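Written out below as structure tokens is the structure these notes cover.
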Amino acid sequence: MNLDNARILVVGAGLMGAGIAQVAAQAGHEVALFDTRDGAAAAAKTKLAATLEGLVAKGRLTAEAAAATLTRITPVAALQPVDLVIEAIVENLDIKRALFAELEALLSDDAIIATNTSSISVTALARGMKRPERLVGMHFFNPVPLMKLVEVVSGLGTDSHVAQAIETLAARWGKTPVHTRSTPGFIVNRIARPYYAEALMLLQDRVARPEMIDACLRAAGFRMGPCELMDLIGHDTNFAVTNSVFAANFYDRRFTPSLVQQELVDAGFLGRKSGRGFYRYPEGAPALPALGAKPSRPSARRVVLHGRGGIADRLAAALPDVERQSSEWTGLEVDRLQIRLTDGRTANQIAALREFHAPVVVFDLPLGDGGDLACACSGNLADHLAWLAVLGFTPRPMVDTPGLIVARTIAMLVNEAHDAVQQGVCSEEGADAAMKLGVNYPAGPFEWAALWGERPIVDLLDALDAYYRGERYRVSPYLRNLLT
Ligand code: NAI
């Protein structure tokens, strides 16, 4: 199946369909664009003409290429027989099924139908089709011309050659295709759930403010913190996706939606678009108070850097002159004080186990090059936080909470990705590519696991599991098996 010169019909000329038509036409395909709404296809083409003109004005596209792209797009008043149909209509199972029935009456036997559905099972969509093997998911991300990821989704009946042909086509269009089985949320919307869920959990327990959570995750390399991101996506949309993944997993409690978000939706505080979500707009997230000048290194009789692996090496780079021991825990020992990377236990839990309850500071997973880093103390140890500043971070004390902010979030993303691989949803490389390209994560879950180590991640999740006692933090069997 070679789709290099395929004639394409895009059905649905809305936000996604228009973008898909543009990308296909820019790659040289003849594209027919159809929409049931009168004038919608023509309007999409007019809008595209303006967009392309803008790109020409900025020197990003030649006038000839823009004109050629436009001439390849033809708004049509009825469905057409073509080699490939890409469907981007309303997200409704029955309406999509009805469209496929209409299309099958028109199309030749070897024509392919690709659906851009973001949440409906491709397996379910194919039911009732004469040729279910020709239906495949081709899940683009918004905005289509800019986002590199395409999830290529196989339903139970999808012919592997059909999926392969769509992967090849997406790559030819300059996209990065990642293959996935049709399971709830596919790759990105599934693995990303904990990014929101952990923040919502911290908010529900009232242990951190939204601006603190956002600042710490931004410092870890995320473009946006989870709270400002939910405000941008819209709480109604984000809550709906969470609910659909929860229901589609037979109400597995790991995917339980949050009352905090439900309340925002109930109030109509939907985020940016309604002027208020976690924050008020246009102001957005308030900045955390700046810290004074970087404190000088406090005096100590003995300082030892403990730990091995990627995180300990990063800390060692900031303190090259101190003694190093490859211990089970990671962090600094300053006389009797321990300043430790969180292992999922609270500072107080660890201190209670130490001789004379010697004091403990726990700090969050330091993924970025400095910046805000959550920490918690077993006692009044404010003076000792200067050590975190010496390590290059801005210490941000919070309520003594297991897994703090970044560590619990990353551990849960890693856990979900391992579950997805275990269940044959995608490959490890596929999960990494999907999260980096689909939601701009600074690294993929398997890259984080390699840096931090599987053992500390499992230990952290087990500690959270023991602390909260629910199904939420159960470790993926695939992840745990890597330890043996
Ligand atoms: P949209 O509402 O902007 O566009 C949908 C278009 O389909 C409308 O112009 C509508 O008139 C047309 N339409 C509805 N029923 C039709 C039919 N039976 N035949 C022909 N045209 C029909 O929606 P959007 O956002 O473009 O979404 C389209 C699809 O893409 C949905 O399945 C959605 O889940 C999926 N998607 C959306 C993303 C997003 O960020 N908006 C991201 C990835 C996928």
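We did not get these values from a lab; they are worked out from the coordinates using the rules stated. Everything numeric here is computed off the predicted structure, so don't read it as measured data. Here the Cβ positions follow ideal geometry from the backbone for every residue, glycine too, while neighbour counts run over all protein chains shown.
To the nearest 20 debye, what is the magnitude of the charge dipole of the chain about its Cα centre, counting +1 on the Cβ of each Lys and Arg and -1 on the Cβ of each Asp and Glu? Mind showing how you got there, number by number?
Values: 48 positive and 53 negative charges, 123 e Å.
Dipole magnitude for the chain comes out near 600 debye.
Paramagnetic label reach from Leu259 (point 7 Å along Cα→Cβ; backbone nitrogen cut-off under 12 Å): within region 190-228, residues 204-206. Restricting region 285-387 to GluC sites (Glu not before Pro) that sit in a DSSP loop and have at most 14 other Cβ atoms within 10 Å of their own Cβ leaves Glu328.
If R0 is 60 Å, what FRET efficiency do you get for Val56 and Arg302 from their C-beta distance, rounded to 0.05?
Details: r = 66 Å, r/R0 = 1.10.
Calculated value: 0.35.
With no solvent and one equal point scatterer per Cα, compute the Debye intensity ratio I(q)/I(0) for region 319-359 at 0.15, 0.23, 0.30 Å⁻¹ and report its log10, rounded to two decimals. Values returned for q = 0.15, 0.23, 0.30 Å⁻¹ are -0.39, -0.84, -1.21. What longest range of the chain stays clear of loop-exposed chymotrypsin sites (Phe, Trp or Tyr not before Pro) (DSSP non-H/G/I/E/B, at most 11 other C-beta within 10 angstrom)? Longest stretch, sites excluded: 1-249.
All C-alpha pair distances within region 94-206, sorted into 5 Å bins from zero, spread as 2, 12, 20, 20, 17, 12, 7, 4, 3, 2, 1, 0 percent across the bins. Restricting region 1-87 to trypsin sites (Lys or Arg not before Pro) that sit in a DSSP loop and have at most 12 other Cβ atoms within 10 Å of their own Cβ leaves Arg37, Lys58, Arg60. Between Ala386 and Trp329, what is the FRET efficiency for a Förster distance of 25 Å, r being their Cβ-Cβ separation, to the nearest 0.05? Calculated transfer efficiency: 0.75. Within region 410-429, name every residue whose backbone N is under 15 Å away from a label modeled 7 Å from Cα of Tyr478 along the Cβ vector. Label zone hits: 412-429. Across the chain, counting alpha-carbon atoms alone, Rg and Dmax equal 25.4, 83 Å.
Let me check I've understood the local charge: for Leu259, count other residues with C-beta under 12 angstrom from its C-beta, Lys and Arg +1, Asp and Glu -1. What total comes out?
On the way: positive: none; negative: Asp205, Glu263, Asp266.
Neighbourhood net charge equals -3.
Each Cα pair of region 303-397 feeds into the Kirkwood radius, which the Stokes-Einstein equation turns, at 37 °C and 0.692 mPa s, into a diffusion coefficient of 251 µm²/s. Checking every one of the trypsin sites (Lys or Arg not before Pro) in region 153-251 against DSSP loop status and a limit of 13 other Cβ atoms within 10 Å picks out Arg206, Arg223.
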